[in-house]
Structures are given as structure tokens and as C-alpha cells.
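The values are calculated or read from the model by the stated rules, or taken from the named source; none is laboratory data. In this text the structure is predicted, and so the values were computed from the model without any measurement. Methodologically, a virtual Cβ is constructed for each residue, glycine included, from the backbone with ideal geometry; neighbour enumeration extends over all protein chains shown. Keep in mind that these areas ignore ligands, DNA and RNA; they rest on the heavy atoms of the full protein, side chains included. Shrake-Rupley method; radii C 1.70, N 1.55, O 1.52, S 1.80 Å.
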Amino acid sequence: MSTPEQTAVGTAPVTEEAAATALPVLEIRDFSISFATESGNVKAVRNVDLSLAPGEIVGLAGESGSGKSTLALGACRLLRPPAVITGGSVVYRGRRVAPGGVEILELTPHELRALRWREIAIVFQSAMNALNPVLRVEAQLGDVIDAHLDLRREEKRERLDSLLDMVGIPRARLRSYPHELSGGMRQRIMIAMALATNPEVVIMDEPTTALDVVVQREILAEVAELQKELKFAVLFITHDLSLLLEIADRIAMLYGGQMVETGTAEQIHHGTAHPYTRGLLNSFPSVRGPRRQLAGIPGSPPDPRDMPPGCPFGPRCRFARPECSTVDMQLLPAEVDEPQHLTACPFVKVGETEPAPAAATASHGEVL
Amino acid sequence: MPFLVRRLGFYVVAAWAAVTVNFFIPRAMPGNAVDTMMAKFPNLQAQARRALQAEFGVGHQGSLLHQYWVYLGNLVHLNLGTSVSLYPDKVTSVLASTVPWTLALVGTATIISFALGTLLGILAAWRRGGWLDQSLPAFTFLQATPYFFLALVVIQFFAVDLHAFPISGGYSLGLQPGWNWSFIGSAIDHALLPALTIIATSMAGWMLQMRNVTITTIGEDYVLAAQAKGLSSRRVIFTYAARNAILPNIAGFALAIGFVVAGALVMEIVFSYPGVGFTLYNAVQANDYPLTQGIFLVISFAVLFACMIADLVYVLADPRTRTRQAY
Amino acid sequence: MPLKAKIGGAIFGLFILIAIIGPALAPYDPSATTGQTQALAPNVHHLLGTTSTGQDVLSQLLVGLRSTVVLGLMTGVIATVLAVLVGVTAGFLGGVADEGLSLVANVFLVLPALPLLIVVLGYLRTGSLLPVAIVLSVLGWAWGARVIRAQTLTLRNRDYVLAARETGERTWRIIAFEILPNEVSLIAASFVSTVLYAVLTSVALAFIGLASFSGWSLGTMLYWATGQEAVQLGAWWWYVPPGLSVALLGMSLVLLNFGLDEIGNPRLRDGGRRKIKGARWRASDPTPVIRGLL
């Protein structure tokens, strides 16, 4: 197994220019989601911009409750009431749809059903909960093939077999029920299921969080292989930023339902702009490199019902100043000549040193 | 399949318990069972008296254990004794003529209410806020209404006021039971009101149960995954949501059987419907111990049998039971 | 507390109130007959009319409610205590004790209650409520015990219970302070269900004549009404009030139960609030897009 630093996968499109000029396969603009609860409307996601180029791996990082899953599920309109999409646009530009793309927020339920999975598939976090306990694997893989592809029986059989081969599971397991499989197998089945109809975008919602580290590595390596071969774009949602630094092409940081920084993995790692990203990076050690004191981020994530005005990270930020409560959270370039690196904090420069902490001692390994 | 084996063992124990309780009923009652019976029916001959004494352990019939053994032996030979109030009919023949009526009425009514109730429950859970959900209070009221009260109201309205249906009985007087159309037609005519009353009240219970479980199931990840897969609504509702939601209901069927039987018994009494319940009632009033015991035994075994079927269906429906022990 | 529970609780509270003060409010002695031979419709002297022997229906109702409610509550208490004892013991101890107790509970569960009640009460005519309550409890505790056992099994393996055991806390203390407080809503629901079962069953038994006739109860009212052919005579005021009372009492208990269910399972709440800006939404519909919603 290669060491973390060596697994530099995720070089997706053929050339850098192609990546820069090709239209995004999934483009989320100014997207907002609220929950219409009994105690009023709660804004879970505010004015988020996020785009995915064909074949690109984009990581979406943030704490629990930051709205990452809400954002991804909302973009597919899979959220249930009382969730409401209150603004923005989600355009999908796959090869199979009409040129110019389709606006997901304006599709009819029928069109949406045709688009789902065929074009945008999802790998859920907990495979045990996401698989129907009373159906065999072949039924669950099969029904999505039946819903979207028009295959004859033999072709469908072949496809099912090849899907299992693809993720390295014995074909006999098609006849198994979910509870008869191990955790790693179930997750692989989920991945096979996601790829069953050759989607162009695969959203992975914390796909390996529930697994132990060894299995985690194996599965991620397999996903990387598959991605290189089939060239689908990946939106990888996780709270584990260190993971993203290895596998993602670009990373987007979400905090309090708002986008605070986006950039390539390289830019985020070495040219960290936003104080939140900095705080996260300071929270885990690297395998190599000098020993240093872990800082963590003091405080706790904001309650969406009671958001501070302006920048949601203000209360916990070391660089905070009075102007933070009136900032408009627009993403602006963080460095010169790096158009892909954007940050929502107009005050902190890349590489700026942190002010000394006001409290007596730094909090060790503050869990995020 | 250790699960089924354990359940079978349980049913054996339950059957034994039913048989034993049955054995003790007349012996636990105050007074001398035989004397009570003889007092009610002075025409019984001396032979009958001796037979009854033997059956109920009065006089010097040997130890309790010996009597129990004799009793079990009789059961195995399907000898349930002779009815006192319907002398000289044997208990088994009385049962043979009454059980089919109850089966027809209760069996059909239960199947219909279960099917209807479950279906409506699924719909109510799927379309929350729809008219089904709005009429929940009405269904709650129906579920809480005692069967017989509804029966009284129904009789008043349909039978007495509107003369649309017969008030009581299993079939019109003067008709001979047999497989001819006029008899069957009359039987159905007489069974409609009782059946409708049973269906109306028990359907509400099934519906509310199913609705609650389905709502919880819809919140599960695999239903969301099914929607994300772009499957048709029908498949999501039935193959993913309902198929899982119905499992606790099948498991709860065993408990519900008790209520169904109870309701049906009372219904028969209200409508004087010639089934097992009505006969039991008359037997108890007449202190006819042999018949009472026989009917109680039959009812117990029927309930056990229905529970067994429900268990079997559950094992077939939930693949997790085939590997795990826990129920 | 959810709306359903409030409404159910209010109605049930009303019934308890009537049970307490009812007999004092009764205008007549419920058993007092006049010379008449016909049932009289509701009038100024008899707000709910009379029976065919001149007894005042309203008085019978007020007195009868008490015994029905009291019997229900008695059975509820006895059966719930039994259910908690058996359920917690079985769930907590596990092993052979659990197997044995579960077997006993399941056997009781499966034996048909009403036929057995008909038989037992048919031969055992008794005047007071307590024996009836006991018999009803013996046949009705099993369901609650099963549910409580299942919950105890789950709780037993929770971290805080394991921690308590590790620190050597005594068993009875663990049960009393760690487990029982988390089962309160379950025990409440079981109590309510048992009261419902007791009320419906006792009314049913009285209706078919297998109850004591020394006092009045809703069931005996219905018994006399049907015996005297109230339905055929069209004397609705005789059987509708008791029947309706039972239905309302039952409904209040069912509502209470639903409310308790909703407390434990939040997904069941606000069934009607699936309307956003007037449009009804189903679970299968895509997330609605309502621009400009603040």
C-alpha cells in the first residue's frame, strides 16, 4: 500500500487548459436551502457556488452540521419537507443531455427521475442503512438498470457480473442479502450500484467514514482506479480534510452553510487562505515533517437557527475584527495569478502569520 | 432454521398450556360441576351422569394425574364428550356445524380488513397531509368504538329502519342448509352486516398501525436511496417502503388475532349468528361444561394455528430471520 | 406535548372527573323504577330520557361511568406493575431467566383472552370489581411485558448502564435510576393501552351479561338496553349515551397513546404540516423550489 504522500491520484482531465476551458458538468450557483420548521425558517445553505468539471474530483469539506450533505442532496432535489430550495441554479451538462445543459431546479418529477442515477449517482454514508434489507443484491443492482437502461436479460446479467468484478466481489454474492455481507463489501456494492448506469457525476457522501482505516484505504484506491478508467466526476464529501488533500483535484470548504474557500488541493494545502481552513489543517499531524503543537479550533460550530451576522466563523476566528460582521461572503481571488483559488475572507492574506492566541494555552487537539 | 424450531417448541408449550387450562376449568369452578349440570337438565339418564363424573373427575375417579392422562387420551382420539345442553349431540358434531360459520365470517372479514387497512395505511403515510391523514381522527374513533355498539347502531339503522338487511341469524328460517343458491344467498345476506361491522372497526386499527410504521420506514436511508436511484414511485412505495414496514405488522398479527376473535365472538352474540361464539355463550349460560371446554379448546388451537401461519409468513418475508436468532 | 396527547388527555381527564363527582350529581337513584312500562324520550325531568321501567338514563350514566373507569384504572395499574416487573427482570437478567419469563409471557399472549374470560367469569359470578380487575390483568399484562423487555434489552447495553455496572453500582439502583427513567413513556403507553383493553373488554363482558348486576356500569346499561329491545323500540337515548361514552373514552385513550408515540418518535409528528405555502407535499416529491422564501 502506498504511503499517503505517494497516492497523488486525481489527475483527471487530459490537460490543464482543457480543465479550465471545458464547461462544468455540474454547476451550482448562488444556491440556498432553508428548512421551514415550526419555529421559523432556518437557512441551512446560503448562496453557495460550486462547480464540477468533467472527470474532476472535487472535495467538499466541513464539520458535521455544516450543510455538506444538505447541499449535495439538495442539488439533486432529494431533500424532504420541510426543506425548501429558496434560490439559485443547478445546471447539469452531461454528454447525454441537451446541449446547453438542464436546469435541475426546473425539471418535472418525471424528467428528474430519468436524470437521477443515470447522470448523477450517490454513494451514501452507511451502506447498511442504504441497502434494502429484504432485497437481494442482484435485485437492488438490477432495478436501477431496469429503470434507466434498456437491456435484454443476458446483457443485464453480464452487466451485473461485470459490476461485481469491477469492485472485486465474487459473483456468487449477487444472491446475497445485505446483512450477509461485511461492511467493506456493502460499501463496494454501493459503489458498484452507483456506477451501474455509467453516470457522469458520482456524489460520495462520507463513503468510508463508517469503515476501519485499512478497508478505507482499499476502497479509496479502488475508487481512484475506477475513476481513472471510467472518467466520471466525483463530489467527495467528508470532514476529513487530510483525505481530500491526497485524492482531490480541487477542494471546497463549507462552514455554517456558506462556502469559505475553494482551490486546488495544492493551493489549499500550501497556500491556505481562509482562517477556518488553516484551523482545520492545524488540527491533524502529518506523517512526515517536524513535530508541532496541535492547535485545533476553539469553540463549537454555529447553530443554523442563530447565525452571527456576516462571517459565520467570526466568533472562533483568531484573525477576527469588527468588520467581520458586515462582510458579504463573496468568493474573491486569494492570490494573484491563481484564478482557481478563491476565499471569502477579504482580510487575511495567504501566508499571513496568526496573531498570538488571547487565551493562556492552546487547546490541544480540539475535536471538530 | 433455529428460529422456526424455537417457535415450534413454543407452540407445543402453548398448546399444552391451553389443554391444561381447559382441563382445570370445571375442576376449579365452585360447586360440583356434574350436579350443576344435572340440575339444569333433569332428563339426563344415569349413564350420562356416570360419563360426566368420569369426565370431570367427580367421585372416586382416581388421582388427578390419572384423570389428566385419561383426558389427554380422549383428546388424542378426538373424543370431546357429549354436549349436555344439546344432548345427545356429541361436542365434535356441534363444533362441526358451527365452526364453518365462524370461519367464513371471521376469516373473510379479517383478511379484508387487514388488506384494506394495510393499503390505506401505506397511502396515508405516503401522502401526508392528504385527505386520509385529515380523516385520522375519524379512524381513531372507529378503532376505539366497541364492536357491539357499532353493531347496535348498524342494526338500528340498516335493519330496523331501512329493512335493508336481516336483523339476526345466519340464514332465513325455513331454509335448509346446503349448497344451493338460495341458501348461500341468504347466508351471505345475513353475514353482511356482521362482516361490515367487524371490517369497519378492525380496519381502522390496521391502518393506523401501518401508517405509523410506514412513516418511520420512509425516513430510512434505503428509501431515500431508492428515490435517488430514480425508481418509479410505485417501486419506492411498495418494494422499498411497504415491504419493510409490513414486517412489524405481521409480527403484531399474533396479538391482533386475540382482539379479532374477541370482537367476532361478541358480534355473533349480538347478531345471534350461529357460530362458535354464540354457541359458547349459550353453553356457558347453560352450564354445559363439555361443550364449553370443547369450544375453548378449538378457539385456542385456531388462534395458535393462525399465529403459526403468521410466524411462517414472517420468516419468509424477512430474510434476516433466517440467519439470526433474535426475533 | 403534541396536540393529540393534549386532546386525549383532556377528554380522559374529563371522564375521571365525572367518575369522581358523577354519582353525587345524579338527579335520581339509577335503580329507582317508576310504574311506567314505556321508555320516555329525553325531556325536562329526565335529560337523557328513561328506560322502559322508568329509570333515569342520565343517573345510570353518571354512576356507571365511575365503575367502568375505576375498573379500567385498576386493571391498568395491576397489569402495568406486572408487566414492568416481568419485562425489566427478563430484559435485564437475560439468559435462562429471560427465556423462561418470555415463554410464560408468550403463552399468556397467545391464549385467547375473551373466550377464557367468558368461561371464567361465566362461572364465577362476583360482585366486586377487584376480582374482575385481577382476572383482566392476568390476561392482559403480557403485551406490555414484551415491549418493556425489548426496550430493557436495548438499554442494558447502552454505555451509561455498562459504566454503572463497571463501577459496581447495585443492580436495583441501576434499574431504578438508569433504566426505568428512560422507559417512562413506554410504561405510560403500556398503561394507557391496558386501560383501553380493560374498558372495552369489561364493557363487552357486561354487555353479554357476564358481570355483576349489583352496581351499574356502562356495559350493564347496554345489556339492559338490548335485553329490553331498545333498538327495536327506537329508544336511542338508552343505548347511544353509554355506547358513545365508551367510544369517547376509548378514543381519548387512543389519542393519548398516539401522543405518547409521537413523543418517542418525532417523525410521526405534525402530520398536517406537510403543506408549504398551500401546496401539499408527498414523500416522493422532489424538494420544492420556492424562490424568495425568507
In segment C:119-127, is there at least one residue being open to solvent by 60 Å² or more (accessible area, probe 1.4 Å) and more than 26 Å from B:F141 (Cβ to Cβ)?
yes
Residue in segment B:235-247 that is among the charged types (D, E, K, R) and open to solvent by less than 10 Å² (accessible area, probe 1.4 Å) present:
no
Do we have C:A206 as more than 13 Å from chain B (Cβ to nearest Cβ) and either surrounded by 17 or more Cβ atoms within 10 Å (Cβ to Cβ) or assigned to a helix (DSSP H, G or I) (or both) here?
no
Given the conditions (1) part of a helix (DSSP H, G or I); (2) over 30 Å from C:T194 (Cβ atoms), report the number of the one that C:P42 does not fulfil.
(1)
Here is a list: C:G64, C:G9, C:G13, C:G35. Which entry is out of contact with any Lys or Arg (no Cβ under 9 Å at 6 or more places or on another chain), exposed (fewer than 14 other Cβ atoms within 10 Å of the Cβ) and at pLDDT 80 or above?
C:G13
Is it the case, given these coordinates, that A:I189 is closer than 17 Å to A:A130 by Cβ, within 14 Å of another protein chain (Cβ to nearest Cβ) and in contact with a strand residue (DSSP E or B) (Cβ under 9 Å, 6 or more places away or on another chain)?
no
Looking at C:V184, C:V161, C:V199, which is the one that is open to solvent by less than 70 Å² (accessible area, probe 1.4 Å), of a type in the set (A, V, I, L, M, F, W, C), part of a helix (DSSP H, G or I) and at pLDDT 80 or above?
C:V199
Members of segment A:304-348 that are assigned to a helix (DSSP H, G or I) and open to solvent by 40 Å² or more (accessible area, probe 1.4 Å)
A:P304, A:R305, A:D306, A:P315, A:P322, A:E323, A:S325, A:T326
Of the residues C:V138, C:V132, which single one is part of a helix (DSSP H, G or I), open to solvent by 50 Å² or more (accessible area, probe 1.4 Å) and modelled with pLDDT of 75 or more?
C:V138
Would you check which residues across segment A:89-107 are under 19 Å from the mean Cα position of the chain (by Cα) and within 13 Å of chain C (Cβ to nearest Cβ) and list them?
A:S89, A:V90, A:I104
Can you say whether C:I179 is of a type in the set (A, V, I, L, M) and open to solvent by less than 50 Å² (accessible area, probe 1.4 Å), as far as the supplied structure shows?
yes
Residue by residue through segment B:52-83, note down the ones that are at pLDDT below 70 and either open to solvent by 80 Å² or more (accessible area, probe 1.4 Å) or of a type in the set (G, A, S) (or both).
B:A54, B:G57, B:G59, B:H60, B:G62
Is it the case that segment C:90-100 has a residue that's open to solvent by 30 Å² or more (accessible area, probe 1.4 Å) and outside any helix (DSSP H, G or I)?
no
Would you point out the residue of segment C:211-239, among those that are within 20 Å of the chain's Cα centre (by Cα), at the interface with chain B (Cβ under 10 Å from one of its Cβ atoms) and aliphatic (A, V, I, L, M), that is farthest from C:A19 (Cα to Cα)?
C:L222
Could you check C:G250 against (1) more than 10 Å from chain B (Cβ to nearest Cβ); (2) at pLDDT 80 or above; (3) not in a loop (DSSP other than H, G, I, E, B) and say which number it fails?
(1)
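Each row is one residue, and each column tells you yes or no for (1) out of contact with any Lys or Arg (no Cβ under 9 Å at 6 or more places or on another chain); (2) outside any helix (DSSP H, G or I); (3) modelled with pLDDT under 85.
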{"position": "B:T239", "(1), (2), (3)": "yes, no, no"}
{"position": "B:N244", "(1), (2), (3)": "yes, no, no"}
{"position": "B:A251", "(1), (2), (3)": "yes, no, yes"}
{"position": "B:G258", "(1), (2), (3)": "yes, no, yes"}
{"position": "B:V261", "(1), (2), (3)": "yes, no, yes"}
{"position": "B:L265", "(1), (2), (3)": "yes, no, yes"}
{"position": "B:Y281", "(1), (2), (3)": "yes, no, yes"}
{"position": "B:N287", "(1), (2), (3)": "no, yes, yes"}
{"position": "B:M308", "(1), (2), (3)": "no, no, yes"}
Restricting segment B:193-225 to residues that are in a helix (DSSP H, G or I) and at the interface with chain A (Cβ under 7 Å from one of its Cβ atoms), which is nearest to C:A283 (Cα to Cα)?
B:L224
Here is a check on your reading of the model: is B:L231 touching a helix residue (DSSP H, G or I) at 6+ places or on another chain (Cβ under 9 Å), open to solvent by less than 20 Å² (accessible area, probe 1.4 Å) and within 10 Å of another protein chain (Cβ to nearest Cβ)?
yes
Quick check on C:L117: is it within 12 Å of chain B (Cβ to nearest Cβ) and over 27 Å from B:P248 (Cα atoms)?
yes
Failed condition for B:P166, given (1) under 30 Å from C:G234 (Cβ atoms); (2) modelled with pLDDT under 75; (3) at the interface with chain C (Cβ under 8 Å from one of its Cβ atoms), with all others met?
(3)
